[in-house]
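A short worksheet on the structure shown next.
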Amino acid sequence: MLTLRNEHFIRFANEFDMGTLIIRAEIDIDTADELPEADSISGKILHQGSTALIIKEGRIAMLSGDGHWYINGEMIK
(Lines give C-alpha, C1' and ligand atoms only; values in the text may rest on other atoms or scores of the structure.)
Protein backbone atom coordinates (compact mmCIF):
# COMPACT_ATOMS: atom_id res chain seq x y z
CA MET A 1 0.00 0.00 0.00
CA LEU A 2 1.35 3.43 -0.96
CA THR A 3 0.80 6.36 1.38
CA LEU A 4 1.83 9.89 0.46
CA ARG A 5 3.11 11.15 3.81
CA ASN A 6 4.36 14.59 2.74
CA GLU A 7 4.72 16.60 -0.44
CA HIS A 8 6.46 19.82 -1.43
CA PHE A 9 5.22 21.72 -4.48
CA ILE A 10 7.98 22.39 -7.04
CA ARG A 11 6.02 23.75 -10.02
CA PHE A 12 3.21 23.00 -12.44
CA ALA A 13 4.00 20.47 -15.17
CA ASN A 14 3.79 23.21 -17.82
CA GLU A 15 1.93 26.41 -18.59
CA PHE A 16 -0.82 24.50 -20.43
CA ASP A 17 -1.35 21.89 -17.70
CA MET A 18 -1.99 23.71 -14.44
CA GLY A 19 -3.71 20.61 -13.03
CA THR A 20 -0.59 18.43 -12.87
CA LEU A 21 1.83 19.26 -10.07
CA ILE A 22 5.50 18.41 -9.92
CA ILE A 23 6.26 17.57 -6.29
CA ARG A 24 9.05 16.27 -4.10
CA ALA A 25 7.39 13.68 -1.91
CA GLU A 26 7.92 11.40 1.05
CA ILE A 27 6.03 8.16 0.56
CA ASP A 28 5.55 5.03 2.64
CA ILE A 29 5.29 1.62 0.99
CA ASP A 30 5.40 -1.94 2.29
CA THR A 31 7.83 -3.45 -0.25
CA ALA A 32 10.16 -2.23 -3.03
CA ASP A 33 7.79 -3.77 -5.59
CA GLU A 34 5.35 -0.95 -4.76
CA LEU A 35 7.75 1.87 -5.75
CA PRO A 36 5.76 4.12 -8.08
CA GLU A 37 6.76 5.41 -11.48
CA ALA A 38 7.39 9.17 -11.38
CA ASP A 39 4.06 9.86 -13.12
CA SER A 40 1.86 7.15 -11.62
CA ILE A 41 0.21 9.22 -8.85
CA SER A 42 -2.89 10.89 -10.24
CA GLY A 43 -2.39 14.62 -10.90
CA LYS A 44 1.22 14.57 -9.66
CA ILE A 45 4.70 13.91 -11.01
CA LEU A 46 7.41 12.96 -8.54
CA HIS A 47 10.56 15.08 -8.77
CA GLN A 48 14.09 13.85 -8.16
CA GLY A 49 14.91 13.76 -4.47
CA SER A 50 11.58 12.17 -3.57
CA THR A 51 12.03 9.49 -0.92
CA ALA A 52 10.28 6.23 -0.19
CA LEU A 53 10.37 4.44 3.15
CA ILE A 54 10.18 0.71 2.39
CA ILE A 55 8.69 -0.34 5.70
CA LYS A 56 8.99 -4.17 5.62
CA GLU A 57 12.60 -3.95 4.43
CA GLY A 58 13.70 -1.07 6.68
CA ARG A 59 15.26 0.80 3.74
CA ILE A 60 14.91 4.21 2.13
CA ALA A 61 14.92 4.69 -1.65
CA MET A 62 15.63 7.95 -3.47
CA LEU A 63 14.25 8.99 -6.85
CA SER A 64 17.01 10.10 -9.21
CA GLY A 65 16.79 12.61 -12.03
CA ASP A 66 16.80 9.69 -14.50
CA GLY A 67 13.44 8.54 -13.09
CA HIS A 68 14.80 5.43 -11.34
CA TRP A 69 14.74 4.56 -7.64
CA TYR A 70 18.08 3.93 -5.90
CA ILE A 71 19.21 2.53 -2.56
CA ASN A 72 22.86 3.17 -1.63
CA GLY A 73 23.72 3.92 -5.26
CA GLU A 74 22.14 0.72 -6.59
CA MET A 75 19.20 1.09 -8.98
CA ILE A 76 16.27 -1.02 -7.76
CA LYS A 77 13.51 0.17 -10.10
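The values are calculated or read from the model by the stated rules, or taken from the named source; none is laboratory data. All of these numbers come straight from a predicted model, not from anything done at the bench. FYI the Cβ positions are ideal-geometry reconstructions off the backbone, even for glycines, and counts take in every protein chain you see. These area figures cover heavy atoms from the full protein model, side chains too; ligands, DNA and RNA do not enter into them. Shrake-Rupley method; radii C 1.70, N 1.55, O 1.52, S 1.80 Å.
A 1.4 Å probe run over the protein chains yields, for the chain, 63 Å² of accessible area per residue, whole-number rounding.
Size descriptor for region 8-53, Kirkwood hydrodynamic radius: 11.1 Å (Cα pairs only, one decimal). About its Cα centre, the chain has a charge dipole of approximately 200 debye under the convention of +1 per Lys or Arg Cβ and -1 per Asp or Glu Cβ, with nothing else charged.
By DSSP, what percent of the beta bridges with both residues in the chain are antiparallel, rounded to the nearest 5? Display every interim value, and only then the final one.
Working: 17 of 24 bridges.
Just about 70 percent of them are antiparallel.
The P(r) of the chain has a tail past 19 Å containing 30 percent of all C-alpha pairs. The portion of the accessible surface of region 1-41 made up by carbon and sulfur, rounded to a whole percent, is 51 (1.4 Å probe; DNA, RNA and ligands excluded). Among residues other than Gly58 with Cβ under 14 Å from its Cβ, the summed charge is -1 (Lys and Arg +1, Asp and Glu -1).
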